[in-house]
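The values are calculated or read from the model by the stated rules, or taken from the named source; none is laboratory data. Predicted, not measured: the structure shown is a model, and the values here were computed from it. Every residue, glycine among them, receives a Cβ derived from its backbone with ideal geometry; neighbour counts consider all protein chains shown. Surface accessibility is based on the protein's heavy atoms, side chains included, excluding ligands, DNA and RNA. Shrake-Rupley method; radii C 1.70, N 1.55, O 1.52, S 1.80 Å.
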Amino acid sequence: MSDTILLERRGRVALITLNRPEALNALNEAMMNEVVDAARELDRDPSVGAIIITGSARAFAAGADIKEMAGQSYLDMYAADWFARWSELARVRTPLIAAVAGYALGGGCELAMLCDFILAADTAKFGQPEMKLGVIPGIGGSQRLSRALGKAKAMEMILTGRTMDAAEAEQSGLVARVIPADQLLEEAFATATTIASRSLPVAMLAKECVNAAFETTLTEGVHFERRLFHSLFATQDQKEGMAAFIEKRDPRFTHK
Ligand code: CO8
C-alpha cells in the first residue's frame with residue numbers, strides 16, 4: 001500500500017506516478033522510500049523491461065519538500081544522511097525513463113536526471129532554484145546538470161535559479177525529446193515498450209557502457225565496451241537477434 005505513488009503495469013512496462021498533488025509532488029521522505037522501494041522491486045522482476053517515472057500535468061515534482069526540511073538542524077540532516085537513498089535509483093539496472101510535464105524543480109529536476117533519459121512535455125520547466133532558499137542542490141544536481149548542460153549553463157541555472165523551458169532543455173541536451181503534453185504518457189509507454197521488447201540483459205549492459213562514459217577515460221571506456229560486446233556472444237539473445245536478421249523475421253528475445 002503506497003501513500004505517495006501509484007503503480008501501473010502495461011505488459012513489460014511499469015509506471016511509477018508521483019502522487020502528492022496537494023504539494024506539487026514535493027519529494028518528502030515517504031515518497032523517496034516508496035519510489036526507491038518500488039523501483040528496486042521492479043528491477044528485481046525479470047518480467048519488467050522498462051520503468052517510467054512520471055508526475056502530474058502540473059508538476060513532475062516541485063522539489064524536495066521544503067516544509068519537511070525547513071526546521072532540520074545540520075546534525076539532523078547529517079545523521080539521517082538526508083535523501084541519500086535517492087542515489088539507489090542510479091543503481092537500478094532496468095532502463096528508467098523520466099516523463100516530465102510541468103515543474104521539475106530542485107529535487108524534481110535531480111530525480112529526472114537520475115533516470116536514464118528524460119522525455120519532456122512541451123509544458124516542462126526545469127530548474128535548480130535551491131539558492132533562493134539558502135541552500136544548494138543536494139541530490140546530485142550540481143554534478144548531473146553540469147554533465148548534461150556543460151559548465152556555463154549549469155552555473156547560470158544554479159547561481160540564478162532560473163527555469164529552463166522544454167525547448168531550451170532539448171536544445172541543451174538535458175532531455176531526449178519534447179512531446180506535446182497530451183501525448184507525453186502514450187509516447188513514454190511507446191518508447192518504454194520498444195526498449196522492453198529487446199533483450200533485458202543486453203539493455204542493462206548497454207546502460208553500463210553509457211554510464212561508464214561519465215566515470216572513466218575514453219580509452220578505458222572503449223575497452224570496457226569492447227569486453228562487454230564480446231561477452232554478449234555468450235547469450236542466446238545474440239544468437240536469436242542475428243539469426244532473425246538473416247532469416248528476415250522479428251527476433252524473439254528470451255532475455256537469456
Ligand atoms: N515543498 C513543499 N511544498 C511545496 C513545494 C515544495 N518544494 N512546492 C510546492 N509546494 C506546495 C505549496 O506550499 C502549496 O501548498 P499550500 O497550498 O499548502 O500552500 C502547493 O504545493 C501548491 O504550490 P503553490 O501554491 O506555490 O503553486 P504555484 O503554482 O503558485 O507555484 C511553484 C508553483 C513555482 C512550483 C512554487 O510552488 C515553488 O516555487 N515551489 C518550490 C520550488 C522549489 O524551490 N524547489 C526546490 C526545493 S529545494 C530542493 O529541492 C533541494 C533538493 C536537495 C535537498 C537534499 C537534502 C540533502
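Considering the convex hull of the alpha carbon atoms of the chain, report its projected area averaged over all viewing directions, in nm², one decimal. Write down the numbers at each step before the final one.
Working: hull surface 60.3 nm².
Mean projected area for the chain: 15.1 nm², to one decimal.
How about region 184-256: which chymotrypsin sites (Phe, Trp or Tyr not before Pro) there lie in a loop by DSSP and see at most 12 other Cβ atoms within 10 Å? Intermediate values should be presented prior to the final figure.
Details: sites: Phe189, Phe214, Phe224, Phe229, Phe233, Phe245, Phe253; in loops: Phe214, Phe253.
Taking region 184-256 and a limit of 12 other Cβ atoms within 10 Å, the loop chymotrypsin sites (Phe, Trp or Tyr not before Pro) found are Phe214.
What residues have an amide H closer than 5 Å to that of Lys125, excluding those fewer than 5 places away on the same chain, when H is modeled at 1.01 Å from N in the peptide plane?
Gly102, Tyr103, Ala104
State in Å² the accessible area per residue of the chain; use a 1.4 Å probe, count heavy atoms of protein chains only, and round to the nearest integer.
Numbers: 13580 Å² over 256 residues.
Value for the chain: 53 Å² per residue.
With a 1.4 Å probe and every protein chain left in place, tell me how much accessible area Lys125 has, in Å² to the nearest 10.
The value for Lys125 is about 80 Å².
For every helix of n ≥ 4 consecutive DSSP H residues, a contribution of -39,500 (n - 2.57) applies; sum these over the chain, divide by its total residues, and give [θ] at 222 nm rounded to the nearest 500 deg cm²/dmol.
Working: 11 runs with 111 residues, N = 256.
Mean residue ellipticity at 222 nm (helix-derived): -13000 deg cm²/dmol.
Heavy atoms of the protein only, probe of 1.4 Å, neighbouring chains included. What is the accessible area of Tyr78 in Å², nearest 10?
Rounded to the nearest 10, the figure is 150 Å².
Compute the acute angle (0 to 90°) between the alpha-carbon long axis of helix 200-212 and the principal axis of greatest extent of the alpha-carbon atoms of the chain; round to the nearest 10°.
Long axis of 200-212 versus the principal axis of the chain: about 50 degrees.
For the chain, what is the percent of antiparallel DSSP beta bridges, rounded to the nearest 5? Walk me through the numbers before you get to the answer.
Numbers: 9 of 31 bridges.
In the chain, approximately 30 percent of DSSP beta bridges are antiparallel ones.
May I ask which of Lys151/Lys207; Lys67/Lys125; Lys132/Lys207 have a Cα-Cα span longer than 31 Å here? List each step's numbers first, then the result.
Details: Lys151/Lys207 24 Å; Lys67/Lys125 22 Å; Lys132/Lys207 35 Å.
Table pairs above 31 Å Cα-Cα are Lys132/Lys207.
I'd like the distance between the alpha-carbon centres of region 143-221 and region 63-79, rounded to an integer number of Å.
28 Å
Under a 10 Å cutoff between Cα atoms, tell me which one of Gln143, Gln128, Gln72 has the largest fluctuation in the Gaussian network model of the chain.
Gln72
What GluC sites (Glu not before Pro) in region 163-236 are in a loop by DSSP, with at most 15 other Cβ atoms within 10 Å of the Cβ? Don't jump to the answer; show the numbers that get you there.
Values: sites: Glu168, Glu170, Glu186, Glu187, Glu208, Glu215, Glu220, Glu225; in loops: Glu215.
Of the GluC sites (Glu not before Pro), the ones in loops of region 163-236 whose Cβ has at most 15 other Cβ atoms within 10 Å are Glu215.
Can you give me the % of accessible surface on the chain that is carbon or sulfur? Probe 1.4 Å, all protein chains present, nothing else counted.
Numbers: 7790 of 13580 Å².
C and S atoms contribute 57 percent here.
Quick check on region 1-97: of the DSSP beta bridges with both residues there, what percent are antiparallel, nearest 5%? Can you show the working numbers first?
On the way: 6 of 14 bridges.
Bridges in region 1-97 that DSSP calls antiparallel: roughly 45 percent.
Which trypsin sites (Lys or Arg not before Pro) from region 1-109 combine a DSSP loop assignment with at most 15 other Cβ atoms within 10 Å? Please list the in-between numbers first.
Details: sites: Arg9, Arg10, Arg12, Arg40, Arg44, Arg58, Lys67, Arg85, Arg91, Arg93; in loops: Arg12, Arg44, Arg58, Arg93.
When the trypsin sites (Lys or Arg not before Pro) of region 1-109 are filtered for loop state and at most 15 Cβ neighbours within 10 Å, Arg44, Arg58, Arg93 remain.
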